[in-house]
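Engineer: Sharing a structure below in structure tokens format, with a few things to ask.
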Amino acid sequence: MNVDLKSAVLALLHPLIRYLIGRGWTYPDLCETLKAVYVAEATRLDDSDQPITDSRVSLLTGIHRKDVRRLRSEQHAAAHPPALRREASIAVRVVTAWATDAIYQNSRNKPRPLPLRAAGKQPSFESLVMKLKADMRPAVVLDELVRAGVVQVEKDKVRLLRHAYVSELPADKLAFLGANVGDHLQSALHNIVGEDQAFLERAVYYGLVDAGDLQQARPELVRRAERFLRDINSLVMPLNTAATKRSVTNGRRMRLGVYYYEDEAASPTTSTKTKERKQP
């Protein structure tokens, strides 16, 4: 077993296992889930011209042939991976268009309040939803955005409070987890294999920052990250709209993310004192 690879896998698994234990998942629960993943990936990655047999999958994965047969039969009836609720998915598109499309911005390039509905071709919340071909009544979309605290209704106008839709519902958070972390991991693994041009995969890291200084800097870090994501939206959204109108058949999907995390750092002085106390 590759020691470096094992260390990297452990770094990925520790936070996940900590979370799963807190949610009541036991080792057998995870083990059964991993069995299904191993069988699915072995079946998908086999490059032979012949149909892959249960024995072949068992050889590749180390999983007993009876379990392979059962899991392969269950895969045909398996549900799709977790996805955002339809209301949440449309809400994301509405907020993105509102925050990036010049039609819905004021002279300072900020999202302007929109009337619920307007005559003719004047921009309104209703026309925004209809423009996106959301196939959902604007009132339902509005209720979802109000529930998430993304917009505020003032008389007959709707005001965008923040430039990103973030749902507090557990099902939506898990859908984001699978999509965002999954693609981040795919990007990193693609770069390790090194068969094609590397994807962007960077992070800024400092091992020791004063807690007070970081508390003061944190709001600005968030603002700059959100500004960056808005710029990316402004660049890519017109390309997405054009491809949708042309019904492009050879399209690609993309995801460019930003994340932030902080934790306690051990002080070098504290570490030295701890070592000295352990000495006989």
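The values are calculated or read from the model by the stated rules, or taken from the named source; none is laboratory data. Computed from a predicted structure; not experimentally measured. All Cβ positions, glycine included, derive from the backbone under ideal geometry; neighbour counts span all protein chains shown. For accessibility, only protein heavy atoms count, side chains too; no ligands or nucleic acids. Shrake-Rupley method; radii C 1.70, N 1.55, O 1.52, S 1.80 Å.
Engineer: Which members of the stretch 259-280 meet the condition of being at pLDDT 90 or above and open to solvent by less than 80 Å² (accessible area, probe 1.4 Å)?
Structural biologist: Across the stretch 259-280, the qualifying residue is only Glu262.
Engineer: Considering only residues of the stretch 13-39 that are in a helix (DSSP H, G or I) and among the charged types (D, E, K, R), which is nearest to Ile63 (Cα to Cα)?
Structural biologist: Looking only at the stretch 13-39, we keep the residues that are in a helix (DSSP H, G or I), and these are 13-22, 27-39.
Applying the additional criterion that residues be among the charged types (D, E, K, R) yields 18, 29, 32, 35.
Values: Arg18: 26, Asp29: 16, Glu32: 11, Lys35: 7 Å.
Within the stretch 13-39, the match that is nearest to Ile63 (Cα to Cα) is Lys35.
Engineer: Somewhere in the stretch 113-128, is a residue closer than 22 Å to Val166 by Cα, touching a residue at least 12 places away in the same chain (Cβ under 8 Å), assigned to a helix (DSSP H, G or I) and of a type in the set (A, V, I, L, M, F, W, C)?
Structural biologist: yes
Engineer: Still on this structure, please answer the following. Can you name the number of the only condition in (1) open to solvent by less than 40 Å² (accessible area, probe 1.4 Å); (2) assigned to a loop (DSSP other than H, G, I, E, B) that Asp183 fails?
Structural biologist: Evaluating Asp183 over (1) open to solvent by less than 40 Å² (accessible area, probe 1.4 Å); (2) assigned to a loop (DSSP other than H, G, I, E, B) leaves (2) as the failure.
Engineer: As an exercise: evaluate Ser48 against (1) open to solvent by 70 Å² or more (accessible area, probe 1.4 Å); (2) over 26 Å from the mean Cα position of the chain (by Cα); (3) at pLDDT below 85 and give the number of the one condition it does not meet.
Structural biologist: Ser48 satisfies all of (1) open to solvent by 70 Å² or more (accessible area, probe 1.4 Å); (2) over 26 Å from the mean Cα position of the chain (by Cα); (3) at pLDDT below 85 except (1).
Engineer: To continue, here is another question. When the stretch 199-220 is examined, which residues are found to be open to solvent by 80 Å² or more (accessible area, probe 1.4 Å) and either under 19 Å from Tyr165 (Cα atoms) or of a type in the set (S, T, N, Q) (or both)?
Structural biologist: Across the stretch 199-220, the qualifying residues are Gln215, Gln216.
Engineer: In addition: Between Lys110, Lys131, Lys173, which is in contact (Cβ under 8 Å) with a residue 12 or more places away in the chain and among the charged types (D, E, K, R)?
Structural biologist: None of the other options fit; the residue is Lys131.
Engineer: Quick one: is Ala175 more than 22 Å from Glu87 (Cβ to Cβ), in a helix (DSSP H, G or I), out of contact with any Lys or Arg (no Cβ under 7 Å at 6 or more places or on another chain) and open to solvent by less than 70 Å² (accessible area, probe 1.4 Å)?
Structural biologist: On the way: more than 22 Å from Glu87 (Cβ to Cβ): no; in a helix (DSSP H, G or I): yes; out of contact with any Lys or Arg (no Cβ under 7 Å at 6 or more places or on another chain): yes; open to solvent by less than 70 Å² (accessible area, probe 1.4 Å): yes.
Criteria not met by Ala175.
Engineer: For a quick check of your reading of the model, give me the residue pairs whose first member lies in the stretch 228-247 and is without any contact (Cβ under 8 Å) to a residue 12 or more places away in the chain, whose second is open to solvent by 80 Å² or more (accessible area, probe 1.4 Å), with beta-carbon atoms closer than 9 Å and at least 6 apart or on different chains.
Structural biologist: Short answer, once both residue conditions are applied: Thr244/Lys133.
Engineer: Can you tell me which residues in the stretch 52-109 are at pLDDT 90 or above, assigned to a helix (DSSP H, G or I), closer than 28 Å to Tyr38 by Cα and not charged (D, E, K, R)?
Structural biologist: Across the stretch 52-109, the qualifying residues are Ser55, Val57, Ser58, Leu59, Leu60, Thr61, Val68, Leu71.
Engineer: Return the total of residues in the stretch 221-237 being out of contact with any helix residue (DSSP H, G or I) (no Cβ under 8 Å at 6 or more places or on another chain) and surrounded by 12 or more Cβ atoms within 10 Å (Cβ to Cβ). If you could, list the steps in order and put the result at the bottom.
Structural biologist: Taking the stretch 221-237 and keeping what is out of contact with any helix residue (DSSP H, G or I) (no Cβ under 8 Å at 6 or more places or on another chain), we get 221-229, 231-232, 235-236.
Keeping just the survivors that are surrounded by 12 or more Cβ atoms within 10 Å (Cβ to Cβ) gives 221-222, 225-226, 228-229, 232, 236.
Number of matching residues: 8.
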